[in-house]
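Remarks on the structure that follows.
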């Protein structure tokens with residue numbers, strides 16, 4: 001009888017060991033797949049303008065007054081960008097409405113495009129003024145570093161800054 005009890009004990013501990021290995025394997029696989037899904041979602045999520053500005057501020061390592069000036073610049077950018085979008089939204093809707101007609105009036109479309117372009121031009125001039133005002137608050141070294149950052153060709157944050165003032 002003791003041989004039977006010994007065999008049953010070994011088989012029970014083996015079964016527990018197999019179950020533990022299966023549970024551990026399942027947990028590791030779930031963690032791996034979860035990490036893979038999370039990394040894909042993070043990689044596909046576009047960075048917001050606020051996050052871009054935070055990254056620039058972090059890279060520039062602004063002190064108190066520079067950080068405040070940068071924050072004011074960011075708020076100006078945000079406000080003016082929103083205003084330009086609000087001004088151009090009805091114009092763009094009118095363009096699409098005109099294009100939806102059987103015989104669209106190209107002169108009307110061109111006039112609407114000119115209006116939207118003028119709104120963008122005013123926005124770019126306002127952004128150049130705001131950027132100049134912000135740059136005036138920086139030391140010459142910070143100003144040079146900021147402008148070098150803005151000129152980086154492959155940097156998304158730099159591209160965002162350049163788009164504020166370029167056509």
**Message:** Scan segment 61-68 and tell me whether some residue there is outside any helix (DSSP H, G or I), over 14 Å from residue 146 (Cβ atoms), assigned by TED's automatic domain parsing to the domain that holds residue 129 and out of contact with any helix residue (DSSP H, G or I) (no Cβ under 8 Å at 6 or more places or on another chain).
**Reply:** no
**Asked** Out of curiosity, is residue 79 in contact (Cβ under 8 Å) with a residue 12 or more places away in the chain, under 29 Å from residue 142 (Cα atoms) and out of contact with any strand residue (DSSP E or B) (no Cβ under 7 Å at 6 or more places or on another chain)?
**Response** no
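Quick grid of which residues meet (1) more than 30 Å from residue 62 (Cα to Cα); (2) assigned by TED's automatic domain parsing to the domain that holds residue 60; (3) surrounded by 13 or more Cβ atoms within 10 Å (Cβ to Cβ); (4) touching a helix residue (DSSP H, G or I) at 6+ places or on another chain (Cβ under 6 Å):
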{"position": "73", "(1), (2), (3), (4)": "no, yes, yes, yes"}
{"position": "82", "(1), (2), (3), (4)": "no, yes, no, no"}
{"position": "99", "(1), (2), (3), (4)": "yes, yes, no, no"}
{"position": "104", "(1), (2), (3), (4)": "yes, yes, yes, yes"}
{"position": "133", "(1), (2), (3), (4)": "no, yes, yes, no"}
{"position": "145", "(1), (2), (3), (4)": "no, yes, yes, no"}
{"position": "155", "(1), (2), (3), (4)": "no, yes, yes, no"}
**Request:** Determine, yes or no, whether residue 116 is buried (at least 17 other Cβ atoms within 10 Å of the Cβ), touching a residue at least 40 places away in the same chain (Cβ under 8 Å), part of a helix (DSSP H, G or I) and in the same structural domain as residue 57 (by TED's automatic domain parsing).
**Result:** no
**Asked** Does residue 134 meet the test of being in contact (Cβ under 8 Å) with a residue 12 or more places away in the chain, part of a helix (DSSP H, G or I), within 21 Å of the chain's Cα centre (by Cα) and more than 21 Å from residue 46 (Cβ to Cβ)?
**Response** no
**Asked** Does segment 39-49 contain any residue that is touching a helix residue (DSSP H, G or I) at 6+ places or on another chain (Cβ under 8 Å) and surrounded by 10 or more Cβ atoms within 10 Å (Cβ to Cβ)?
**Response** yes
**Asked** Would you say residue 142 is modelled with pLDDT of 95 or more and either closer than 21 Å to residue 77 by Cα or part of a helix (DSSP H, G or I) (or both)?
**Response** no
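The values are calculated or read from the model by the stated rules, or taken from the named source; none is laboratory data. Predicted, not measured: the structure shown is a model, and the values here were computed from it. Please note: Cβ atoms are built from the backbone with ideal geometry, for glycine as well, and neighbour counts cover all protein chains shown.
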